[in-house]
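**Student:** For reference, the structure I am asking about is given below.
We did not get these values from a lab; they are worked out from the coordinates using the rules stated. Just so we're clear, the structure is a prediction, and the values are computed from it rather than from any experiment. Virtual Cβ from ideal backbone geometry, glycine too; neighbours counted across all protein chains shown.
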Amino acid sequence: MKILKIPKKHLDLFVSVLPAFGELYAPVKRGSGYAFDRPAAWSDVQMAYPRTILPPRKFFLPPREATFRFDPKEGFTDLLVEAATPRVLFGVHAYDIYGLNILDRVFAQGKYADPYYIARRKHTAIIGIDFVPDDRHFASSMNADFVDTGFDLFLSDIGDHYLVLVGTSRGDDMAVMSGSLLEPPTEADFAEYKRRSSERRSASRTQVDLAALPEILEMEYHSQVWEELGQQCLSCGSCSMVCPTCYCFDVNDEVALGSRAGTRVRSWDSCLFKTHALVAGGENFRHSRASRIKFRFYHKQRGFVAEYGRPSCVGCGRCAASCPAGIDIVTVIQKIRGQADANGDRAVGTNAPGR
Amino acid sequence: MNPSNTVLIIDDDPDFVRAVGGLMAASGYQVETAAGGRDGLERAKALRPDLILLDIMMADRTEGFFTLEQLRDVPGLERTPVIVISSIYAAQPAFKVSPEAGWLPADLFLAKPVDPARLLAESSRLIAATAADQPSSPPGRSNGR
């Protein structure tokens, strides 16, 4: 991997060149939070932000997406080409890049390979930056606070400079185009990177114990904790909306009134919604809120592990930050673990689920 | 050159604006000005000028680059001729990314201090080319944007 560095004072010049590779999106202030949006000026860009309201997923699985149009006279018109607008996402944290890598497992490979998602992924450059964990981040527990793939460039703060890790040939094109703004790093720079990266990992105040969690969840399937959560949960779905790896979607055909022409639209769904498990005929497999919130935790920390080998939670803390009922995944896991120990269930095995 | 062509000058240096504005007015242009990128964007949307002269180093030293991107996103302003007039290459010696390298969606880059005769000649040429809808579109981006 090619490694360069850029003086922090030149970062604005570097970012000015990036639109050559696509529409530039960067973290900007949005109300009391942050969001990826087009910056009107360099001073809009927030280099040190805890998390954005919505994750970068919104660029690859948009909240609403028209996939094709249909018309009795004209037939089907695929809208795939609109997914191919070149974009540059600047300032993406490692756990969000990790989240996109997880979504790739579902949408870019295997039996569910999705051409709309793939087109967006191909045409969107990712430039990562490192982050300082706050009390809601537990990405280090989820092994998602550092990432070695899924970015074109990754910027790591080493004082007066950023180390620039080049991840792809597109990233290399960006580095080459920036020319004299980038310099070769020194041994001292690498020493500083090592010092800061282990400092950052130990700075993470919130830890979650993942050891044997899937098995413990199996044991605690009928725990009272889920009933209590069901009482608290409002079923609003905010947790799903802000999650980097939630991907449930609904599909509807929107037909123009008085005609038989229309558009097929895919939109975000949430397993917290009452209708998520409602099927034709009226049967609802998860009628109670308790069953729905249990399902979400089980999918993240148990079901996804069985399917893909690691939890789909990346420890970003957005769900806890956005939940109007104050439900916090870290507390839930601790309760379940505490409950498991109180019931006398012994943890099976000593290895945490693999990455 | 149509005597009623409008030129919008976006630059935060009042001396430069007065000098260039005077030059353009004396050549028959209707001159409008804006002292910053955001203001310039709003005026461009409202005025739909025939030509824009855009500075780079304003409140932020890269402000004009961002303004240019936003101008090109406005429906109807994509083909408006834009001449970037800036001293950024002199002020920032580390910044050597050539404006002709295909990354800047302007029609032309001129370094300050700008030669008045050249500015007038290029302004006429670009306005005429746009009006005739000739393919003198902005030095295209190599990635096909």
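**Student:** Non-local amide H neighbours of residue B:110 (under 5 Å, H modeled in plane, Pro and chain starts lacking H): which ones?
**Tutor:** Long-range HN contacts for residue B:110: B:84, B:85, B:86.
**Student:** Which whole number gives the average count of other chain Cβ atoms within 10 Å of the Cβ atoms across peptide A:9-22?
**Tutor:** That works out to 6 on average.
**Student:** Tell me which of A:46, A:208, A:271 sits at the most positive position along the dipole axis of chain A, charges placed on C-beta atoms (Lys, Arg +1; Asp, Glu -1).
**Tutor:** Result: A:271, furthest along the dipole toward the positive end.
**Student:** Now for a separate question. Please work through the protein assembly as shown and write down the cysteines that have no neighbouring cysteine Cβ at a distance under 4.7 Å.
**Tutor:** If one checks each Cβ against the other cysteines of the protein assembly as shown, A:233, A:236, A:248, A:271, A:313, A:316, A:323 turn up with nothing under 4.7 Å.
**Student:** When Lys and Arg each count +1 and Asp and Glu each count -1, what net charge do the other residues less than 11 Å away from residue B:125, Cβ to Cβ, add up to?
**Tutor:** -1
**Student:** In nm, to one decimal, how far is the modelled label at residue B:39 from the one at residue A:256, with both set 7 Å along Cα→Cβ?
**Tutor:** It is 4.5 nm.
**Student:** Which longest uninterrupted range of chain A lacks any GluC sites (Glu not before Pro) assigned by DSSP to a loop state (not H, G, I, E or B) and surrounded by at most 16 other Cβ atoms within 10 Å?
**Tutor:** For GluC sites (Glu not before Pro) (loop position, at most 16 other Cβ atoms within 10 Å), the longest site-free span of chain A is A:75-282.
**Student:** Label-point separation (nm) for residue A:160 and residue A:183, each offset 7 Å from Cα along Cα-to-Cβ?
**Tutor:** 0.7
**Student:** Taking region A:57-128, which trypsin sites (Lys or Arg not before Pro) meet the DSSP loop condition and have no more than 10 other C-beta atoms within 10 Å?
**Tutor:** A:73
**Student:** Then there's this: Fewest first, what order do A:316, A:243 take by the number of other Cβ atoms within 10 Å?
**Tutor:** Taking fewest neighbouring Cβ atoms as first place, the list is A:243, A:316.
**Student:** Quick check: net charge around residue A:273, other residues with Cβ under 14 Å of its Cβ, Lys/Arg +1 and Asp/Glu -1?
**Tutor:** Here the count lands on +3.
**Student:** Along the Cα-to-C-beta direction of residue A:135, a point sits 7 Å from the Cα; which residues of region A:176-203 have their amide N less than 19 Å from that point?
**Tutor:** Residues A:202-203 qualify, since their backbone N sits under 19 Å from the label point.
**Student:** Moving on to the next point. Give the peptides A:127-133, A:155-161, A:180-186 in descending order of average Cβ contacts within 10 Å, highest first. Mind showing how you got there, number by number?
**Tutor:** Details: A:127-133: 20.9, A:155-161: 18.7, A:180-186: 15.4.
Descending packing order for the listed peptides: A:127-133, A:155-161, A:180-186.
**Student:** Out of A:151, A:137, A:181, whose Cα points farthest toward the positive end of the dipole of region A:123-222 (charges: +1 Lys, Arg; -1 Asp, Glu; placed on Cβ)?
**Tutor:** A:181
**Student:** Classify chain A as rounded, prolate or oblate from the Cα gyration tensor: take a ≥ b ≥ c as the square roots of its eigenvalues, call it rounded if a/c is under 1.5, otherwise prolate when a/b beats b/c and oblate if not.
**Tutor:** In terms of gyration-tensor shape, oblate.
**Student:** On to the next question. Let me understand region A:187-346 better: what is its radius of gyration from the alpha carbons, and its Dmax, in angstrom?
**Tutor:** When restricted to the Cα atoms of region A:187-346, Rg and Dmax are 19.9, 71 Å.
**Student:** About the Cα centre of region A:27-71, how large is the charge dipole given +1 on each Lys and Arg Cβ and -1 on each Asp and Glu Cβ? Please answer in debye to the nearest 20.
**Tutor:** 140
**Student:** While we're on this one: What GluC sites (Glu not before Pro) does region B:76-128 have in DSSP loop regions with at most 16 other beta carbons within 10 Å?
**Tutor:** B:78
**Student:** Oh, and also: Among B:97, B:46, A:92, whose Cα lies farthest out toward the positive end of the dipole of the protein assembly as shown, if unit charges sit on the beta carbon of Lys, Arg (+1) and Asp, Glu (-1)?
**Tutor:** It is A:92, whose Cα lies furthest towards the positive end.
**Student:** Taking the Cα centre of region A:216-289 as origin and charging only Cβ (+1 Lys, Arg; -1 Asp, Glu), how large is the dipole, in debye to the nearest 20?
**Tutor:** Roughly 360 debye, rounded to the nearest 20.
**Student:** A further question follows. For residue A:252, what charge total do you get from the other residues with a beta carbon under 12 Å from its beta carbon, if Lys and Arg give +1 and Asp and Glu give -1?
**Tutor:** Values: positive: A:64, A:264, A:266; negative: A:65, A:250, A:253, A:254, A:269.
That works out to -2.
**Student:** Treat every Asp and Glu Cβ in region A:102-238 as -1 and every Lys and Arg Cβ as +1, leave all other atoms uncharged, and give the resulting dipole magnitude about the Cα centre to the nearest 20 debye.
**Tutor:** The calculated dipole for region A:102-238 is roughly 420 debye.
**Student:** Let me ask something else. Take residue A:48 and residue B:79, extend 7 Å from each Cα along the Cα→Cβ direction, and tell me the distance between the two endpoints in nm.
**Tutor:** In this crude label model, residue A:48 to residue B:79 measures out at 4.8 nm.
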